[in-house]
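The block underneath contains the structure these notes are about, expressed in structure tokens.
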Amino acid sequence: MDSTPLFPKVNLRNRIIVRKLKVFKENEETQRLIRRQAEHDAMTDALNRGSFEKLLHMYENGDTPYALILIDVDTFKTVNDMYGHAVGDEILKKVTGLLKKAFRSIDHVCRIGGDEFAIIMVEMTSDLKYTIEEKIKAVNEELGTENENIPAVSLSVGVAFSDRENSGKSIFKDADKALYYVKENGRNGCKFY
């Protein structure tokens, strides 16, 4: 008997289709990984500065009410110098984890610089500012206790709302003014523009 398949072209065509589908799926996965690496901070897995700027631009030009929350880790340089960069990295990871846990999954937690974070809290108006105060207070309480060989730290936070009165030139500058007020007046707190 002849072992030649009755339909050799069909089998070859099916193998080619299967191979192309496999390559297509591998390319999709590679693109997903590349996009994730481009949008997220490698150490903390928070959104990075580039993602933050795109999101902020989108919300500034949209109709959705939001709050911009700027955050600095208080005395981070001193802690980093005293305990080393490995401990500093653990602090940044802990801060990120606590912020992601405290805020909603629809909010955008971003690391925008060394020890600087920003959160774009969507569907948020100034009459709900107490929710931000509660979240920041809870995060600061958690950070204020030394554990797992990580020293206690605190956060200084400045907030501006898209529906704020007497707004300045930009929501970022207004939130930054509120942040620096906290830093200049004892740290470990939250101020609204």
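The values are calculated or read from the model by the stated rules, or taken from the named source; none is laboratory data. Everything numeric in this text was worked out from a predicted model, so none of it was measured. Glycine gets a Cβ as well: all are built from the backbone with ideal geometry, and neighbour counts include every protein chain shown. All accessible areas refer to the heavy atoms of the entire protein, side chains included, with ligands and DNA or RNA removed. Shrake-Rupley method; radii C 1.70, N 1.55, O 1.52, S 1.80 Å.
Could you tell me which of the pairs Lys137/Lys169; Lys77/Lys191; Lys101/Lys191 are separated by over 25 angstrom between their Cα atoms in the structure shown? Mind showing how you got there, number by number?
Details: Lys137/Lys169 29 Å; Lys77/Lys191 22 Å; Lys101/Lys191 21 Å.
From the list (Lys137/Lys169; Lys77/Lys191; Lys101/Lys191), the Cα-Cα distance tops 25 Å for Lys137/Lys169.
With θ taken as phi - 60° and the coefficients 6.51, -1.76 and 1.60, list the Karplus ³J(HN,Hα) couplings across the range 71-83 in order, rounded to whole Hz; mark glycine and proline as x.
Karplus-based 3J(HN,Hα) across the range 71-83 equals 9, 10, 7, 5, 6, 4, 4, 4, 4, 4, 5, 6, 9 Hz.
Length gain on complete extension for the stretch Lys25 to Lys101, per 0.36 nm per residue less the alpha carbon to alpha carbon distance? All intermediate terms of the calculation are to be shown ahead of the outcome.
Details: separation 76, 0.36 × 76 = 27.36 nm, distance 3.24 nm.
Full extension of this stretch gives 24.1 nm more.
What's the ranking of 80-91, 147-158 by average number of surrounding C-beta atoms within 10 Å, highest first? Please report the intermediate quantities before stating the final value.
Details: 80-91: 14.2, 147-158: 18.2.
Ranked by mean Cβ neighbours within 10 Å, highest first: 147-158, 80-91.
Helix 8-39: angle to the longest alpha-carbon principal axis of the chain, degrees 0 to 90, nearest 10?
Between the helix axis and the principal axis of the chain, the angle is about 10 degrees.
So how far apart, in nm, are the two label points at Ala138 and Val18 if each is 7 Å from Cα heading toward Cβ?
Label at Ala138, label at Val18, 5.1 nm between them.
Stretch Thr145-Glu39 to full length: gain in nm at 0.36 nm per residue minus the Cα-Cα span? List each step's numbers first, then the result.
Values: separation 106, 0.36 × 106 = 38.16 nm, distance 3.14 nm.
Residue separation times 0.36 nm, minus the Cα-Cα distance, leaves 35.0 nm.
Just need the relative contact order of the chain here, percent rounded to a whole number, with Cα pairs under 8 Å and 6+ apart. Don't jump to the answer; show the numbers that get you there.
On the way: 260 pairs, mean separation 43.8, N = 193.
Result for the chain is 23 percent.
Any chance you could give the angle, 0 to 90 degrees and rounded to 10, that helix 49-60 forms with the longest Cα principal axis of the chain?
It works out to around 80 degrees.
Please list, ordered by chain and number, the residues whose modelled amide H lies under 5 Å from the amide H of His40; skip anything fewer than 5 residues away on the same chain.
For His40, whose amide H was placed from the backbone, the distant partners under 5 Å are Asn48.
Where the accessible area of the range 104-155 is counted over protein heavy atoms with a 1.4 Å probe, how much of it, in %, is carbon and sulfur?
Details: 1160 of 2550 Å².
Accessible surface attributable to carbon and sulfur in the range 104-155 totals 46 percent.
If you line up the long axis of helix 129-143 against the longest principal axis of the chain, both from Cα atoms, how many degrees apart are they, to the nearest 10?
80
What number comes out for accessible area per residue over the chain if the probe is 1.4 Å? Units Å², please. Mind showing how you got there, number by number?
Numbers: 12000 Å² over 193 residues.
For the chain, the per-residue accessible area is 62 Å².
Quick check: from the Cα gyration tensor, does the range 39-174 come out rounded (a/c under 1.5), prolate or oblate?
Prolate, because a/c is 1.5 or more and a/b exceeds b/c.
Identify, among Ala160, Cys110, Ser51, the residue whose Cα sits farthest towards the positive end of the charge dipole of the chain, taking +1 on the Cβ of Lys and Arg and -1 on the Cβ of Asp and Glu, with the dipole about the Cα centre.
So the residue we want is Ser51.
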